[in-house]
Amino acid sequence: MQVGEARVHVGPITSEAAMNEARPTAVPTVHSHAFLGEGHANAERRTWAVIVLCGSMMILEIVGGLIFGSIALVADGMHMSTHAGALLLAALAYSYSRKHANDDRFTFGTGKLGDLAGFTSAIVLAMIALLIGFESVSRLFAPVPIAFREAIPIACLGLLVNIGSVFLLSGGHHHGHSHGFDDRHAHDEEHKVTTGIGELTLTIFESGVSPVFRIRPVNGVLPSAEVVRIETIRPNGARQLFELARCDDYLESMESVPEPHAFAANILVNENVYPLQFEEHEHGDEKAHRDNNMRAAVIHVLADASVSVFVIVGLIMARLFGWLWMDPLAGIVGAGVIASWAFALVRDTGAILLDTNPDLQLAERIRSVIETNGDQVTDLHLWRLGPGHLGAILSVTTSHPHQPDHYRARLRRFSVLSHITIEVSHV
């Protein structure tokens, strides 16, 4: 368990001064429980901006659909209303979790508030999908006249609003909602070394390929592969020499770099040696970094965009061929799309709220790191605290005189572990 050191006095205490000296001195420590995702404040601002945009479009679609007799347009507007409501819920969750991030009442912080908001949003989304489906089936058997000239432009405008909402929520770039692996996961570390032939960068590249060393010049000409080599020195003293080959604008090792990527390394340039140190860092599975609050907002936008497409197609087909049944059919298909998104969101956020293991592979890697020297992990709990933050509780049985800090140091390679409690039993 997480305990501090205390000096213990053994023997009788004969005076008040001795008693005061014998008392253990506690050193106060500060341990933050603010487990919010990266870009939390920026996501909050983007969400409020989209609320204004979608709220305006929601009113226009519902009123227009009722006036012009398009159930699909009303359905799209109703979904837009849930979309606006979900965005409001997301914005409030961002605001509340930020304001109370360091509130002692929340034992493990407010990082999971976004998952709770996402779960609630998904439930509402599923209920609206059922309502849209019911109304669409009713209109399928009892069609009503549709004012195509007015309904189609409003549906197209709704699609444009959805596209704008996606752009705003993403912050202007595509990867804003994946919350998964990014450039940081392409290599463990990047080292810059000034050599006799210029400044070089050395990385371990492993994005979609077996891990290899790559050397690039910072400024200047790429050196010849014949004059540069890399030597690794493992903690157990094992050495390995890597020859390099030229590939476009970098040099790459001809052999892959074995795991783990924690070792000393020498860049050998002619007769000169330039030492450096690699420490392996693991970032966890994509789901550990996913912001489900923003994901719920994006799901509403994307589902609404899909419904808008179905609405436009249904209205055009109904107008061109007189197939009035295409309009309610578009509503049915849209309801199915919304329901599928809602199911996926309920499944993922519900698992987090129930503290299920978010990354089984990470749990096994943690176990293997701890058990390298004959120690045994007798109990391991891994759960999500917030986007990009996992908590872990371990019980370790060992015959060595190791303390919790020894195992804590081993787990530093897992950057996604933000709160670790370790209990050590000596046998």
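A few points about this structure:
- From ALA264, ALA245, ALA225, ALA238, residue being closer than 29 Å to PHE414 by Cα, more than 35 Å from the chain's Cα centre (by Cα) and among the hydrophobic types (A, V, I, L, M, F, W, C): ALA238
- Residue within the range 397-420 that is in contact (Cβ under 8 Å) with a residue 40 or more places away in the chain, under 26 Å from the mean Cα position of the chain (by Cα) and more than 23 Å from HIS261 (Cβ to Cβ) present: yes
- PHE108 being within 30 Å of ILE332 (Cβ to Cβ) and at pLDDT 70 or above: no
- Only one entry in ILE332, ILE366, ILE352, ILE338 is of a type outside the set (Gly, Ala, Ser) and open to solvent by 50 Å² or more (accessible area, probe 1.4 Å), namely ILE332.
- You will find that of LEU380, LEU411, LEU390, LEU417, the residue that is open to solvent by 30 Å² or more (accessible area, probe 1.4 Å) and of a type outside the set (Val, Ile, Thr) is LEU380 and no other.
- Contact map, the range 54-74: residues that are more than 22 Å from LEU87 (Cα to Cα) and modelled with pLDDT of 75 or more paired with residues that are open to solvent by less than 10 Å² (accessible area, probe 1.4 Å) and not hydrophobic (A, V, I, L, M, F, W, C), Cβ distance under 6 Å, separation 6+ or inter-chain. Pairs shown: GLY65/GLY77.
- Residue check for THR201: at pLDDT 75 or above and either open to solvent by 50 Å² or more (accessible area, probe 1.4 Å) or basic (Lys, Arg) (or both): no
- The condition of being open to solvent by 30 Å² or more (accessible area, probe 1.4 Å), at pLDDT 75 or above and either farther than 28 Å from ASP359 by Cα or out of contact with any Cys (no Cβ under 7 Å at 6 or more places or on another chain) (or both) holds for GLU271.
- Residues in the range 354-369 that are touching a Lys or Arg at 6+ places or on another chain (Cβ under 7 Å) and in a helix (DSSP H, G or I): 1 in all.
- Top-ranked residue of the range 320-329 - restricted to ones that are open to solvent by 40 Å² or more (accessible area, probe 1.4 Å) and in a helix (DSSP H, G or I), ranked as nearest to VAL298 (Cα to Cα): LEU329
- Counting only residues that are touching a Ser or Thr at 6+ places or on another chain (Cβ under 6 Å) and either among the acidic types (Asp, Glu) or open to solvent by 70 Å² or more (accessible area, probe 1.4 Å) (or both), the range 204-250 holds 2 of them.
The values are calculated or read from the model by the stated rules, or taken from the named source; none is laboratory data. In this text the structure is predicted, and so the values were computed from the model without any measurement. Cβ: placed from backbone, ideal geometry, glycine included. Neighbour counts: every protein chain shown. The protein model used for the area step is the full one, side chains on, heavy atoms only, and it has no ligands, DNA or RNA in it. Shrake-Rupley method; radii C 1.70, N 1.55, O 1.52, S 1.80 Å.
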